[in-house]
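Shown next, in C-alpha cells, is the structure this report addresses.
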Amino acid sequence: MRMAGFGKLAAGVLDTLAAIAMAVVVSLMVFLIVARFANISVVGIFEIIGLFAMASYMLGAATASRRHQHLVVDWLNEKLVDPRQRALQQLVVALCTVCATALFSYWTYRMLAWGMQRPQFTPSFGIPMWVPQMSLVVGSVGCLIYALRDVIHSLKALRRAKGV
C-alpha cells in the first residue's frame, strides 16, 4: 500500500473512532439525563463517559493536527511574502511543534508505564486506569506523527523555494 493510501486509511480510522467515541458520550449523557428524570440510579456511568470523552478529546487533537486546524498565530506568516522566508518560518513552527509533541508523548508514555507498575482501578467497574491513559498516548503519538509530517512538508517547501 502506498504511503498516501495508508494516510487516507489512518485518517478514516481516526475519524471513525472519534465519531464513535463522541456518539457514545452523547448517548450515555442522554441516557443519564433520562435516568435521572425517571429517578433510576445508574452506578458507574460517569466512568464510562469519562473513558470515551478522554478518547474523543485525544482523537480530536490528532484529527485537528492532521487537518492543520490546531491553534495557530499566522500574523507573521501573512506578513512574509518571500516563499523562502515563509517556508523557513513554517519549518521553525513545525520543529517547535515536534519538540512539544515529543515531550508530551514522552510524558504520556511515562505516565502509562507508571500506571502499569502501580495499577489503580476505577471505583465502580474496576477499569484499570491505564485504559483511559492509553488514549493520551494514542493522541500524543498521533500529533507527533503529524508534526513530523509537517516538518517534511516544510523541508520540501524550503527546497522548492530555494530553486525559485
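Structural remarks
- Residue count, segment 143-164 (criterion: under 24 Å from residue 55 (Cα atoms) and either of a type in the set (Val, Ile, Thr) or in contact with a Leu (Cβ under 7 Å, 6 or more places away or on another chain) (or both)): 1
Residue-by-condition table, conditions (1) modelled with pLDDT of 90 or more; (2) in contact with a helix residue (DSSP H, G or I) (Cβ under 6 Å, 6 or more places away or on another chain):
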position	(1), (2)
5	no, no
24	yes, yes
30	yes, no
41	no, no
57	yes, no
79	no, no
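- Residue ID - modelled with the highest pLDDT, chosen from residues in segment 112-122 that are in contact with a helix residue (DSSP H, G or I) (Cβ under 6 Å, 6 or more places away or on another chain) and not β-branched (Val, Ile, Thr): 112
- Enumeration of residues in segment 1-48 that are exposed (fewer than 14 other Cβ atoms within 10 Å of the Cβ) and in contact (Cβ under 8 Å) with a residue 60 or more places away in the chain: 43, 44
- Restricted to segment 60-164, the set of helices (runs of 4 or more DSSP H) holding at least 3 residues that are closer than 20 Å to residue 15 by Cα and in contact (Cβ under 8 Å) with a residue 40 or more places away in the chain comprises 130-163.
- Residue match in segment 87-107 (condition: at pLDDT below 90, more than 24 Å from residue 67 (Cβ to Cβ) and among the hydrophobic types (A, V, I, L, M, F, W, C)): no
- Among residues of segment 83-128, those that are of a type in the set (S, T, N, Q), within 16 Å of the chain's Cα centre (by Cα) and closer than 30 Å to residue 44 by Cα, counted: 2
The values are calculated or read from the model by the stated rules, or taken from the named source; none is laboratory data. Owing to the predicted nature of the structure, the values given are computational and were not obtained by experimental measurement. Glycine also receives a Cβ, built like all others from the backbone with ideal geometry; neighbour counts cover every protein chain displayed.
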